[in-house]
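Have a look at the structure below, then the notes.
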Amino acid sequence: MSEEDALTAAAGAGMVRFEFWDWRGRDLEALRRAAQALGLVPVIYSGNTFGEPLLDPGAHPAALTHLRGSLEAARTLGVLLLVAHVGYTLPHREPAAQWKAAVAGLRAAGDLAGAAGVTLAVEPLNSKIDHPGYFLDTLDAAQRLLQEVDHPAVRLLLDVYHMWVMHDDLPARLSAVAPMVVHVHAADYPGRGEPGSGIIPWPAILKRLRDGGYEGPIGLECWPTGRVDAALRRSAEVLAA
């Protein structure tokens, strides 16, 4: 499916916002015009990559250079959120040193983002299925990291699928982190299909988030189990319930 077809399908399903992974290689002005014509608002994309791990101080210059480009793209698109990736565990560095580097890197990145009026959303990923070896793989670790970074422009991206894989008691954990959440990703388990295709208790998840004060968007980061338009409609029904 082309970028234009994807936007058209999203708008046709009643979506009002969209996100994507990487801004590089895209015609940002054309994307902005197409979205505007369909009444869609871009929300978030990656501010840095796994190839520039914040766990490594030597990679910080490259990560921050990438982030500066991401912030310029955000200005073009009117985006106020960027995903921040800490990276995969580095076997040649002690975990404590990697943690320290991640804190320093996120603070520096937060300074750049905050000055541009943008918030970074740090995303923990599951290390059991999709991202073996990923450093930040639990909600507990993410909460501790953000508390230590202690920067107003650095907050949490909650990917429900990733954290369900890591925590079988996920709903009970959400009250503690909901105030940190600035963006949510949704996919079901197993299979990472659209919400409603698996066993995740979406009403309980959504209630915990809302009770914790989350009122932001929910982005679909899933593999449709059937037709894209049907998956979008199903997702909208499940997440609006």
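Computed quantities for the displayed model
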read-out: Exposed-site-free run, longest, the chain (rule: chymotrypsin sites (Phe, Trp or Tyr not before Pro); DSSP loop; at most 13 other C-beta within 10 Å); value: 51-241
read-out: Cβ-based exposure ranking for L156, L112, in which fewest neighbours within 10 Å come first; value: L112, L156
read-out: Gain in span if fully extended, D111 to W21, counting 0.36 nm per residue against the direct Cα distance; value: 30.2 nm
read-out: Label-point separation in nm, K100 to R68, each point 7 Å along Cα→Cβ; value: 2.7
read-out: From phi via Karplus (6.51, -1.76, 1.60), per-residue ³J(HN,Hα) for the stretch 33-38 in Hz, x at Gly/Pro; value: 5, 5, 5, 4, 5, 9
read-out: Least to most buried among E215, E221, E94 (fewest other Cβ within 10 Å first); value: E215, E94, E221
read-out: Mean ellipticity per residue at 222 nm, deg cm²/dmol - from DSSP H runs of n ≥ 4 across the chain, formula -39500 (n - 2.57); value: -14000 deg cm²/dmol
read-out: Cα-based Rg of the stretch 60-193 normalised by 2.2 N^0.38 Å, two decimals; value: 1.04
read-out: Approximate spin-label separation R75-A30, in nm, with each point projected 7 Å along Cα-to-Cβ; value: 2.3
read-out: With at most 13 neighbouring Cβ atoms within 10 Å, loop trypsin sites (Lys or Arg not before Pro) (DSSP) excluded, longest segment of the chain; value: 25-127
read-out: Distance cut-off 27 Å, percentage of C-alpha pairs in the stretch 3-240 lying past it; value: 34
read-out: Ranked S46, S235, criterion: other C-beta atoms within 10 Å, fewest first; value: S46, S235
read-out: Nearest-20 debye value, the chain charge dipole, Cβ charges on Lys, Arg, Asp, Glu; value: 280
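FYI, it's all coordinate maths here, none of it is from the lab. Predicted, not measured: the structure shown is a model, and the values here were computed from it. All Cβ positions, even for glycine, are placed from backbone atoms using ideal geometry, and neighbour counts span all protein chains on display.
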